[in-house]
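Asks: This structure is in structure tokens; I'll ask about it shortly.
Read-outs: derived from the displayed coordinates by stated rules, not from any lab. From a predicted model like this one, the values you see are computed outputs, not experimental measurements. When we count neighbours, we look across all protein chains shown, and the Cβ atoms used for this are built from the backbone with ideal geometry, even at glycine.
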Amino acid sequence: MDFSYSIAGFAVGAIVGLTGVGGGSLMTPLLVLGFHVAPVTAVGTDLLYAAFTKMGGAATHGLKGTVDWRIAGRLAAGSLPGAALALLVLAHFGARGKGTDALVSTSLGLMLVATALAIAFRGRLHEWAGRSGFGAWTARHRFAATVAAGAFLGIAVSVSSVGAGAVGVTALLLLYPALATARIVGTDIAHAVPLTLAAGLGHAWFGNVDWALLGALLLGSLPGIVLGSHFAVRLPERAVRRALAALLLLAGAKLVLH
């Protein structure tokens, strides 16, 4: 086992614990840009990594009653078919090859940029939704809009492994502004488990999962998440999130322009 992967897993886990930002936004670009793992293998491995690491969080939120299972079901009604569609597209391009790697790499870069913007402007988007007519529109079409948001997340996450965290939370904030923050986070995490698990197993079927790499990442990330969560209240959240958004924006731009 290469323990440099475990060290990377520990670092990503610590940042996830500190900021709450999904590990896919950090782990996948780190594997692609830092360790030169093939993009499709990085995505497939990270999807199962995300599923396993989010299971504990989903269970905790479920026991605390901070999961709106009705909303999670609406998201899944769109995301699981979306994931299946994305996997079929990847199968059409071929499980491995330059075409697939290019598609995955570009999609990853775009989703990193979207995640960075979601982190940086989440508050302003929430305020805009309250002032504009968007809130009234979503109130009339909330079910269809939630399923559509789930479909987008299913496609994006399956191709890039990014989006279930910051982008998912931002979508829920816009669609359900009256929902408590804890329930938004809990619902997003609970929905991410079946989505990342289904997409990850699909990639595993295509041979896009490096199981030794997955084990090494989990070995480091689990204690990292615990440590990061412990220190989360001691750091200035706004400064940490701005720095993280800038980092993701740079990584996304590099992947798109590569």
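Asks: Hey, what did segment 98-206 get for relative contact order, percent, Cα under 8 Å, at least 6 apart? Provide the component values of the computation, followed by the final result.
Replies: Values: 69 pairs, mean separation 35.4, N = 109.
That works out to 32 percent.
Asks: Next question. Counting helices only, and only those DSSP H runs with n ≥ 4, report the 222 nm mean residue ellipticity of the chain as the sum of -39,500 (n - 2.57) divided by its residues, in deg cm²/dmol to the nearest 500. The partial results should precede the final answer.
Replies: On the way: 11 runs with 211 residues, N = 258.
That calculation yields -28000 deg cm²/dmol at 222 nm.
Asks: Here's a follow-up. Check every DSSP H run in the chain and write down those whose alpha carbon atoms cover 27 angstrom or more along the long axis and whose mean Kyte-Doolittle hydropathy is 0.0 or greater.
Replies: 39-64, 69-93, 98-131, 181-205, 211-231, 237-257
Asks: Okay, next question. Run the numbers for A243 and A182: contour at 0.36 nm per residue of separation, minus the present Cα-Cα distance, in nm. Could the numbers behind the result be given before it?
Replies: Working: separation 61, 0.36 × 61 = 21.96 nm, distance 2.35 nm.
Length gained between A243 and A182: 19.6 nm.
Asks: Given an 8 Å cut-off on Cα distances and at least 6 residues of separation, report the relative contact order of the chain as a percent.
Replies: Reported as a whole number, the value is 45 percent.
Asks: Just to verify a number: FRET efficiency for L85 and A59, C-beta to C-beta distance, R0 = 22 Å, to 0.05?
Replies: Values: r = 29 Å, r/R0 = 1.31.
For R0 = 22 Å, the calculated efficiency reads 0.15.
Asks: Using the Cα centre of the chain as origin and beta-carbon charges of +1 (Lys, Arg) and -1 (Asp, Glu), tell me which of A204, L90, L173 is placed farthest towards the positive end of the dipole.
Replies: L173
Asks: So, one more: I need the P(r) histogram for the chain: all alpha carbon pairs, bin width 10 Å from 0 out to the longest distance, whole percents.
Replies: Going out from 0 Å in 10 Å bins, the chain shows 8, 32, 39, 18, 3, 0 percent.
Asks: May I ask you to derive the FRET efficiency for S4 and W137 from their Cβ-Cβ distance with R0 = 51 Å, giving the value to the nearest 0.05? Present the calculation step by step, with values, prior to reporting the outcome.
Replies: Working: r = 49 Å, r/R0 = 0.96.
It comes to 0.55.
Asks: Give me the net charge for the shell around A164: Cβ to Cβ below 12 angstrom, other residues only, Lys and Arg +1, Asp and Glu -1. Don't skip to the end; give the middle numbers.
Replies: Details: positive: K54; negative: D46, D188.
Residues near A164 contribute -1 overall.
Asks: Which order do the peptides 195-208, 169-182, 55-68 come out in when sorted by mean C-beta neighbours inside 10 angstrom, highest first? Show your work: numbers first, answer last.
Replies: Details: 195-208: 21.1, 169-182: 17.4, 55-68: 15.8.
Ranked by mean Cβ neighbours within 10 Å, highest first: 195-208, 169-182, 55-68.
Asks: Same structure, new question: Along the Cα-to-Cβ line of A204, 7 Å from the Cα, sits a label point; which residues in segment 52-79 have backbone N less than 13 Å from it?
Replies: Residues passing the 13 Å test: 52-53.
Asks: Continuing with this model, one more query. Please give me the summed charge of the neighbours of D188: other residues whose Cβ is under 11 Å from its Cβ, Lys and Arg +1, Asp and Glu -1. Intermediate values should be presented prior to the final figure.
Replies: On the way: positive: K54, R183; negative: D68.
My count for the surroundings of D188 gives +1.
Asks: How big is the dipole moment of the chain about its Cα centre under a simple scheme where the beta carbon of each Lys and Arg is +1, that of each Asp and Glu is -1, and everything else is neutral? Debye, nearest 20, please.
Replies: Values: 17 positive and 8 negative charges, 152 e Å.
Rounded to the nearest 20 debye, it is 740 debye.
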